[in-house]
1. Dividing the alpha-carbon Rg of the stretch 362-500 by 2.2 N^0.38 Å yields what?
2. Using the reciprocal of the averaged 1/r over all distinct C-alpha pairs, how large is the Kirkwood radius of the stretch 17-66 in Å?
3. Once you have a ≥ b ≥ c as the square roots of the Cα gyration tensor eigenvalues for the stretch 1-100, tell me rounded if a/c is under 1.5, and otherwise prolate or oblate according to whether a/b is larger than b/c.
4. Can you tell me how much longer the chain between residue 350 and residue 366 gets when fully stretched, taken as 0.36 nm per residue apart minus their C-alpha distance, in nm with one decimal?
């Protein structure tokens, strides 16, 4: 479905949700009538999600089909759970929090949702499924898991207070229905946030819709768990708002707009998902301490176990932030290294490693007189490439560049000006220009041993000399003079030196 029709359907679903919330809210329906509306919306949304995922899975390409089939399993579990829950509440009259097949269906909805979002993040065969940067440090992943487990332990322990345990005969079914179900969604939520922070293929509309569904389902689940554990005589209808919203969001997810080819392009600015990734360990921690704060405000004193668990989780979060800071420091250092490499590439020739023409002209313009400028051209270099190939030709150019570097001082500059042309800039020479030119010519006209063969390559050199401390002529003029002298050397028979 395209973006505009999907937005219109979202608005329609939102209006349906608002109407249902208004119908069961204060002053509206109550008792069995309110339950029929609440359960009817949820059953309708779950069945619609099942039909939508089944249809789109049958008509989607391979990479997009896999996660949809997982969602078929998830929505089928949700539909079965909602039907069993509705039958138990409206027909049989089973008291909360127990209900036949409902707990299994609810928990399996989250279980199947997890591989679905993982398959979505994998992106199938799409080329944009690679991570945005480096994979997360394994130590950070392990710490996030421990932090999540510790936060959930505190959350469950705080929710199942002694008073709540005494007020309800907690069976295994009750625990699954009330606690494990929203806790499983909380795990999936954290996994989703990690995925969208690290994988471009996960940043699609369907993922955000599923994340919203998981958030609303978990929020209502924990609210019901808290009220039941603290002996609430009845569950207010408003607590089902998240449940109804979640089922309608599940129904919307299969029709969310598909990503385009450029949807996964990474911009220069950090994405919202990248910022969310920083807060991964804090989300379950914040939810946990929110429940602890509410319990404390209601006169429930945290146990010693919860206090020590809380201190341990806070310590792990601090350690996690320390590791994140170290990882960020390494990323900054890597970025600085990359910038230095890019700056070097911008001013140096990729074949010889020498300075390029732009850097040579900048140095020439900034160099004070006196100076000696050599313009060097390799004679008949095309024949080397034609006979032996470009790899040998590049090796000869590198060898020439190395010999030129050996002929001058470190403070002087050797550059490849383009093709088979080189430039040498000698500032305040310590030897006579003619002697320098003859030495360079002698070094370059010796045979070159490349790949087990000797290559006889000759060069023609044009020299321009400026002995005046004040710039009587510009650097470009000197370079032009050296160029003219080099062509005079070629006309004189090649392999020679001509001084302008």
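Read-outs throughout are calculated quantities, based only on the coordinates presented, and are distinct from any laboratory measurement. This is a predicted model, so every value here is computed, not measured.
1. 1.04
2. Final number for the Kirkwood radius of the stretch 17-66 is 12.8 Å.
3. oblate
4. Value of the extension gain: 3.4 nm.
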